[in-house]
Amino acid sequence: QKAQIGVTGLAVMGANLARNFARHGYTVALHNRSVGKTDALLDAHGDEGTFIRTETLQELVDALETPRRILVMVKAGAPVDAVIEQLVPLLEKDDIIIDGGNSYFQDTRRRERELAEQGLDFVGIGVSGGEEGALLGPSIMPGGPRKSYDSLGPLLEDIAAKAEDGTPCCAWIDTDGAGHFVKMVHNGIEYADMQVIGEAHELLRSVAGLEPAEQADVFEQWNRTELASYLIEITAHVLRQVDARTDQPLIDVIVDAAGQKGTGRWTVQEALELGSPVTAIAESVFARALSSAEPEMRLEAQRVLPAGIGGTTEDVVHDPEFVEDVRKALYASKLVSYAQGLDMLTMAGREYGWDLDLATIAGLWREGCIIRAQLLEVIMEAYQGDKQPLNLLFAPEFVTAVEEALPSWRRVVARAVERGIPAPVFATTLNYYDSLRRPRLNAALTQGLRDFFGAHTYRRVDDAEGIYHTLWSGDRSEVVS
Ligand code: NDP
C-alpha cells in the first residue's frame with residue numbers, strides 16, 4: 001500500500017501534522033533526518049493510523065503514490081533548501097513538494113520558480129496554531145500553483161480546523177509565496193494582539209490597581225464580549241496561575257523580556273518595503289526589542305531617568321469605569337491593527353500580482369490559529385460580496401463600533417501618558433485613526449522642508465497636475481518644476 005502523503009521533519013510540528021493526517025484515514029509515510037524521531041513517533045503514536053516508516057528520502061519517495069505529495073517540516077531557512085536539493089533528483093514531473101514551515105515568503109517565491117523549471121510543483125503553506133493546532137486542526141494558508149491545490153487541497157482541508165459553520169480553515173490563497181505572506185502578516189497581527197493585551201494588563205494593574213487574579217476575572221468577562229478570542233481566554237489562564245515555588249502570581253516571576261522568532265520582524269521589514277503603515281505591528285516588534293535587547297540600559301534608565309509626574313498620580317484608582325474604558329480601547333485598537341494588516345495584504349497583492357480575497361483570509365483565521373477570535377467572523381462579513389471597504393475601518397459596523405469606543409480610547413491613552421505608563425499600541429492605533437480622518441496632515445510642512453533643503457518639490461492643493469519648487473535661496477518665487 002502506498003501512502004497519500006509523506007512527511008519529512010518530525011519535530012513537534014511535523015509529527016503532529018503527520019498524526020493529524022493519519023487520524024483522518026490517510027496513509028502517511030514518515031521520514032526524519034535522524035531516524036530516532038521517526039521511531040519515537042511510531043512508538044508513542046503508531047497505533048493512531050497507518051504509517052510507513054522510512055529511513056532515507058529515497059524510501060520516502062518510493063513509499064508514495066504518484067503524483068507524490070511530500071510535506072517538508074524542517075527548520076525554516078537553509079534546511080528547507082537542503083532537503084529540496086536532496087529530494088529533487090528523486091522526484092518526477094508533477095510531484096509536489098510542500099513547505100509547511102515558517103519560511104520567508106521571498107524564499108518561497110524563489111523555490112517555486114526554481115522547481116517549476118524542473119517540472120515540479122512547490123507549495124508554500126502557512127500553518128498556524130502551534131503544536132496543538134497541528135494535531136487537532138490548524139489554520140492553513142496554502143500558496144503555490146493553483147493546479148497543485150486540486151491534488152493537495154482535499155487533504156489539507158480534511159486536517160484543517162473547521163469554522164463554526166463547518167467551513168475548513170484552509171483555502172488556496174494565490175500563487176507562489178502568497179500563503180507564506182498571509183501567514184507572516186497573521187503572525188504580525190498576533191504580535192500586535194498580544195502587545196495590546198499586555199498594555200491593557202499593565203494599565204489594569206498600575207492605574208486600576210487590579211491584582212493578576214482579579215484581572216483574570218476581568219479577562220474572563222471580556223471573553224464573553226466582542227473581544228472573545230483565544231488570546232483573551234489564555235490571558236486569563238496565565239494571569240490566574242500561581243507560582244508553586246514562591247506562591248506569587250506566576251506573571252510576577254516571569255522575566256519581562258519578550259523573545260521573538262522573526263516573523264513579526266519580517267512583517268515590518270516587508271511593510272517598510274511596501275510603504276504599508278502597519279504601525280501596531282511595528283510598535284509590537286519594537287516593544288519586544290525594547291524589553292529584551294539591552295537589559296543594562298533599562299536598569300540604568302530606572303536609576304537616572306525621572307518620570308516627571310507628581311506623586312499623587314501614582315495612586316491607584318479602583319474605578320470600574322476605567323476598566324470598561326480599557327476594554328473598549330482594546331477593541332478599537334485591535335480593529336485598527338487588523339485594518340492595518342489587511343491593508344498590507346492589499347498592497348502586497350498589488351505588488352506581487354496576487355488576488356487576495358480578504359473575506360476568505362479572515363475566514364481562515366476564525367479557528368485553528370492563535371489569533372482566532374469572534375471578531376474575524378465580523379471582519380469576514382465586512383468583506384463579503386460586493387462590499388469591499390477601502391479600509392476595514394470604513395465598514396459601517398466598525399465605524400459605529402469605533403465611534404462608540406472613542407471617548408474611552410482617548411481617555412485610556414491620555415491616562416497612560418499622564419501616568420508615564422507605556423501603551424505604544426493603544427497610542428499608535430489611535431494616531432493612525434486620527435491621521436486617516438484628519439483633513440490635513442503635517443506632511444505639508446514636511447514637503448515644504450524637503451523642498452527647502454533638497455529641492456524635492458511639492459504639489460499644490462489648487463493644481464492636481466503641477467509639480468512646484470520655491471527658489472528658497474533665490475528670490476523665493478515659485479517655479480513649475
Ligand atoms: P524545528 O524548527 O525545531 O526543526 C527541527 C526539524 O528540522 C527536525 O526534524 C530536524 O531534523 C530538521 N532539520 C533541521 N535541519 C535539517 C537539515 N539540514 N536537513 C534535514 N532536516 C533538518 O521544528 P518545529 O516542528 O518546531 O517547526 C517546523 C517548522 O514549522 C518551522 O519552520 C517552524 O518555524 C514552523 N512552525 C512551528 C510552530 C511551532 O509552534 N513550533 C508553529 C508554526 C510553524 P533532526 O531531527 O534530524 O535534527
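See the values below:
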| item | result |
| --- | --- |
| Backbone HN-Hα couplings from phi across the stretch 244-256 [Karplus 6.51/-1.76/1.60, Hz, Gly and Pro as x] | 5, 6, 10, 6, 8, x, 3, 4, 7, 10, 7, 5, 7 |
| Within the accessible area of the chain (1.4 Å probe), percent carbon and sulfur | 52 percent |
| Rounded to 10°, Cα long-axis angle of helix 396-419 versus longest principal axis of the chain | 60 degrees |
| Shape of the stretch 384-481, Cα gyration tensor, a/c cut at 1.5 | oblate |
| Distant-in-sequence amide H partners of residue 123 (H built 1.01 Å from N, under 5 Å) | 97, 98, 99 |
| Amide hydrogen neighbours beyond the local backbone of residue 170, cut-off 5 Å, H modeled | 140 |
| Using alpha-carbon coordinates, inclination of helix 78-87 to the longest axis of the chain, degrees | 30 degrees |
| DSSP beta bridges in the chain [antiparallel fraction, %, rounded to 5] | 35 percent |
| Vicinal HN-Hα couplings computed from phi for the stretch 183-189 (Karplus, 6.51 cos²θ - 1.76 cosθ + 1.60; Hz; Gly/Pro x) | 5, 4, 5, 3, 5, x, 4 |
| Nitroxide proxy distance, nm - points 7 Å out along Cα→Cβ at residue 297 and residue 447 | 3.5 nm |
| Cross-link pairs 93/162; 162/387; 2/37 - those with Cα-Cα distance over 29 Å | 93/162 |
| For the stretch 290-301, Karplus couplings with θ = phi - 60° (6.51, -1.76, 1.60), whole Hz, Gly/Pro x | 4, 6, 10, 6, 10, x, 5, 5, 5, 4, 4, 4 |
| Volume in Å³ per residue [convex hull over Cα atoms, computed for the chain] | 205 Å³ |
| Exposure rule at most 14 other beta-carbon atoms within 10 Å, DSSP loop trypsin sites (Lys or Arg not before Pro): the chain longest free segment | 94-223 |
| Folded to 0 to 90 degrees: helix 424-437 orientation relative to the chain principal axis, Cα | 70 degrees |
| Residues with amide H under 5 Å from that of residue 102, placed H, sequence gap 5 or more | 76 |
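The values are calculated or read from the model by the stated rules, or taken from the named source; none is laboratory data. Keep in mind that this is a model prediction, so the values were computed, not measured. Ideal geometry is used to build each Cβ from the backbone, glycine not excepted, and the neighbour counts take in all protein chains shown. To get the accessible areas, we keep the full protein, side chains included, count just its heavy atoms, and leave off ligands, DNA and RNA. Shrake-Rupley method; radii C 1.70, N 1.55, O 1.52, S 1.80 Å.
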